[in-house]
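Written below as structure tokens is the structure these notes are about.
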Amino acid sequence: MLAPIVLFVYNRLDCLQRTINSLKKNRLSRETDLYIFSDGPKNEKDLIIINTVRNYLDTITGFRKIERNYSSVNKGLASSIIEGVTLIIKKYGKVIVVEDDLIVSSNFLDWMNQALVKFQFENNIFSVSGFSPQINCWGYPYDSFMVRKAHCWGWGTWSDRWETVDWNIADWNEFRLNKKNQKEFDQLGSEMSGLLFACMEGRISSWWIRFSYNQFKQNKLTVYPCQSKVINDGFTSEATHCCVYNRYRVDFDMSGKEQFNFSFMLMENKCIARQFYSYYSVKARVLGKLKTYLMKLGIIKQYTN
């Protein structure tokens, strides 16, 4: 059975239409069940936009089955994803999760489904990502690699992994006092501990940082494609963040490749991992902020995917 797509949407109609159109270009879309979760409005202004989004959602075709879940209250993305994924993963045992600001390649569903089958019984693998930063895999014989960091731009997992996630972070008090553990967590990205602190202190609401922390604690891996099957529409020239430098620009997979050669080595490749983590370093973040500042001044131009 193919994994279902669980799509989370809010108030971005143009982005959503591009997301749906890209999913429909996948040859497996007509054989795939689509579950849509539309969050409720934060205010009266949002209600008008959300109703427009839902009118569009009511017209969607091109999937084996479509089930729409329209919330009357605003749950926020974190609660929406945790509740929605939990509901669907219990039924199917696995899920592919997409948000309404992503554009996927025509072989995204091939990649995700093959990876979810390939690593279903490999408990060292916690999740599968459709996105990958720009990695030089020249001379590397596989279409996949593994690192310890999870990603949230088009991803998938299995019910037995999802059910192990402690969303309350029961060991939070221990972690927040343990500088060694924080430093180790930050090896996955310089922002990781800071995001977890912000989440646990109520300054942000994030399912992903809690999911990532659980993966880190369990010493598990995420499978990534050597060539990204996803781009984030939030960084394109039409989007709100067009004046934000995108350090995650990728060569989007337009090959149409349908079969993938997965690495059987359940560990990080040192050369690839070094490149991967460089995108999440302090240096990369500072450089990104500098380039954003220069773009807003008009000194440099935005590069779009």
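Bear in mind these aren't lab numbers, they're just calculated from the coordinates by the rules spelled out. Keep in mind that what you see is a predicted model, and the values were worked out from it rather than measured. Quick reminder, even Gly has a Cβ in these numbers, built from the backbone with ideal geometry, and neighbours come from all protein chains shown.
Key figures for this structure:
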read-out	value
Elements of type helices (runs of 4 or more DSSP H) contained in the range 175-223, each with 3 or more residues being of a type in the set (Lys, Arg)	179-185
Flag if Glu67 is within 23 Å of the chain's Cα centre (by Cα), among the charged types (D, E, K, R) and more than 25 Å from Gly202 (Cβ to Cβ)	yes
Strands (runs of 3 or more DSSP E) enclosed by the range 1-115 - at least 2 residues per element that are in contact (Cβ under 8 Å) with a residue 12 or more places away in the chain, touching a helix residue (DSSP H, G or I) at 6+ places or on another chain (Cβ under 9 Å) and buried (at least 19 other Cβ atoms within 10 Å of the Cβ)	5-9, 33-38, 94-99, 102-104
Positions within the range 197-216 being without any contact (Cβ under 8 Å) to a residue 40 or more places away in the chain and either under 12 Å from Ala150 (Cα atoms) or among the hydrophobic types (A, V, I, L, M, F, W, C) (or both), in sequence order	Phe197, Ala198, Cys199, Met200, Ile204, Ile209
Criterion (in contact with a Leu (Cβ under 8 Å, 6 or more places away or on another chain), touching a residue at least 40 places away in the same chain (Cβ under 8 Å), closer than 21 Å to Met267 by Cβ and hydrophobic (A, V, I, L, M, F, W, C)) met by exactly one of Trp158, Trp153	Trp158
Enumeration of residues in the range 136-174 that are of a type in the set (Ser, Thr, Tyr) and either out of contact with any helix residue (DSSP H, G or I) (no Cβ under 9 Å at 6 or more places or on another chain) or in a helix (DSSP H, G or I) (or both)	Tyr142, Ser159
